Amino acid sequence: QVRIVESGGGLVQPGGSLRLSCVASGTIFRNYDVGWYRQAPGKQRELVAGISSSATNYTDSVKGRFTISRDNAKNTVYLQMNSLKPEDTAVYYCNIRNRIFTTFAYWGQGTQVTVSS
């Protein structure tokens, strides 16, 4: 069965950095687009960054601060987060979606990121 596991969250001060990892098993990983989403208390879940085979996209609020990348040999997608702000505090979720058959999509359990002094 498909399993998605996120890790790397934690508590950091404003201006600090974290690197999140998303590891997938049970799929042909290279056939999936991957998105990092986040959800803060009282807010809707939003797409933060996405990656297909190589192209990337970011929401405006994280451009220049976050970088998404993938290593298909390790079935892993990373989200490098720099210059973190309190507004980045949220649970971060990884989603993988088949590039052609988009109903084949899977979510991880999430990892908490807290930015506070």
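Against the definition (in a loop (DSSP other than H, G, I, E, B), touching a Ser or Thr at 6+ places or on another chain (Cβ under 8 Å) and among the small types (G, A, S)), how does G15 come out, yes or no? Yes. Taken over segment 68-95, the residue count meeting the criterion of being closer than 13 Å to A24 by Cα and under 10 Å from the mean Cα position of the chain (by Cα) is 5. It is to be established whether one or more residues within segment 1-19 are under 16 Å from the mean Cα position of the chain (by Cα), open to solvent by 50 Å² or more (accessible area, probe 1.4 Å), of a type in the set (V, I, T) and more than 15 Å from G108 (Cβ to Cβ). Among the residues of segment 1-19, not one is under 16 Å from the mean Cα position of the chain (by Cα), open to solvent by 50 Å² or more (accessible area, probe 1.4 Å), of a type in the set (V, I, T) and more than 15 Å from G108 (Cβ to Cβ), which makes the answer no.
Reported count of residues in segment 64-76, each being out of contact with any Lys or Arg (no Cβ under 9 Å at 6 or more places or on another chain), under 17 Å from P14 (Cα atoms) and surrounded by 13 or more Cβ atoms within 10 Å (Cβ to Cβ), is 1.
Only one residue in R30, R45, R65, R99 is among the basic types (K, R) and within 13 Å of the chain's Cα centre (by Cα). Which one? Every option except R45 fails the conditions. Could you tell me how many of the residues in segment 1-12 are of a type in the set (V, I, T) and in a loop (DSSP other than H, G, I, E, B)? Residues flagged as of a type in the set (V, I, T) and in a loop (DSSP other than H, G, I, E, B) within segment 1-12 amount to 1. For the condition in a strand (DSSP E or B), open to solvent by 40 Å² or more (accessible area, probe 1.4 Å), at pLDDT 95 or above and in contact with a strand residue (DSSP E or B) (Cβ under 8 Å, 6 or more places away or on another chain), L79 does not qualify. Taking residues in segment 1-28 that are over 17 Å from D88 (Cα atoms) and without any contact (Cβ under 8 Å) to a residue 40 or more places away in the chain, and partners anywhere that are outside any strand (DSSP E or B) and open to solvent by less than 60 Å² (accessible area, probe 1.4 Å), the pairs with Cβ atoms closer than 6 Å and at least 6 places apart or on different chains are G26/V2.
The values are calculated or read from the model by the stated rules, or taken from the named source; none is laboratory data. Given the structure is predicted, the values throughout are model-derived calculations rather than measurements. All Cβ positions, glycine included, derive from the backbone under ideal geometry; neighbour counts span all protein chains shown. When the accessible area is computed, the model is the full protein with side chains, heavy atoms only, and any ligands, DNA or RNA have been set aside. Shrake-Rupley method; radii C 1.70, N 1.55, O 1.52, S 1.80 Å.
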